[in-house]
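Read through the structure below, which is laid out as structure tokens, and then see the notes.
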Amino acid sequence: MPTRYKLFLPVIGKQPIAPNQRGVAAIYSQRPETCAELQMLNVGWAHDWSANPLICPGIESIAMAWCDVPESVGGTTDIILGFNEPNLGNQCNKTFDQTAILWHDLDSKYPDKKLVSPVPYSGDWYGGNPPLVGTAWLREWQAAYQARYGTQPRIDGVQVHCYYLWASQC
């Protein structure tokens, strides 16, 4: 029986994308056949929401600080992806101030890594009253960081999850 993965692919523009720019975020296990399966997707990078992701030949492996400051980070790049959906109760679930404190600790512990922002949820499938989403959440988090530390957080890249039907809604 073939392995099944839950894949989350980035929204990309209309121009052709080089293989080294294509990537996949997937919930996968650390088993020998996983690397071959990822290589069949012809991607240049992958992450699995962990601080110490699987290392596969020819694929950049990117670490993530899912909801805390990890003791160590692995991967094959100098990148750490920030906290996963801190604006959702069933994910990281942190206040702006809690996230600011964690970000400061992450930056202090890993000053030589490139930090990609916390990744807030954005979408319409949440149900009920959705939380503050996307870039609006990021602006509020940056304000909380500024209020606490007197400076803007160091952010080397920005990420946002977008679960709308159309990219233009993000």
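The values are calculated or read from the model by the stated rules, or taken from the named source; none is laboratory data. Quick caveat: nothing in here was measured; it's all calculated off a predicted structure. When we count neighbours, we look across all protein chains shown, and the Cβ atoms used for this are built from the backbone with ideal geometry, even at glycine. In case anyone asks, the SASA skips ligands and DNA or RNA and just uses the protein heavy atoms, side chains included. Shrake-Rupley method; radii C 1.70, N 1.55, O 1.52, S 1.80 Å.
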Exercise. Output the peptides 65-78, 91-104 sorted from most to least packed, where packing is the average of other Cβ atoms within 10 Å over each peptide's residues.
Key: 91-104, 65-78
Quiz item: By how many nm would the segment from D68 to Y164 grow when fully extended, if each residue of separation counts as 0.36 nm and the alpha-carbon distance is taken off?
Solution: 31.8 nm
Quiz prompt | Residues Q39 and S108, FRET efficiency given R0 of 35 Å [Cβ-Cβ distance, rounded to 0.05] | solution = 0.45
Practice problem: Using amide H atoms built 1.01 Å from N in the peptide plane, name the residues 5+ places from S50, or on other chains, whose amide H lies under 5 Å from its own. | Solution: M64
Quiz item: Amide H to amide H, which residues 5 or more places from E60 or on other chains are under 5 Å from it, using H placed in the peptide plane?
Solution: W45, A46
Exercise. Could you calculate the contour length gain from R148 to T76, that is, 0.36 nm times the residue separation minus the distance between their Cα atoms, to one decimal place in nm?
Key: 22.7 nm
Quiz item: Short version: ³J(HN,Hα) in whole Hz for each residue of segment 46-51, in order, from phi by Karplus 6.51 cos²θ - 1.76 cosθ + 1.60 (θ = phi - 60°), x for Gly and Pro, what are they?
Solution: 8, 8, 10, 6, 10, 6
Quiz prompt | Fraction of accessible area attributable to carbon and sulfur, segment 52-170 (%, probe 1.4 Å) | solution = 51
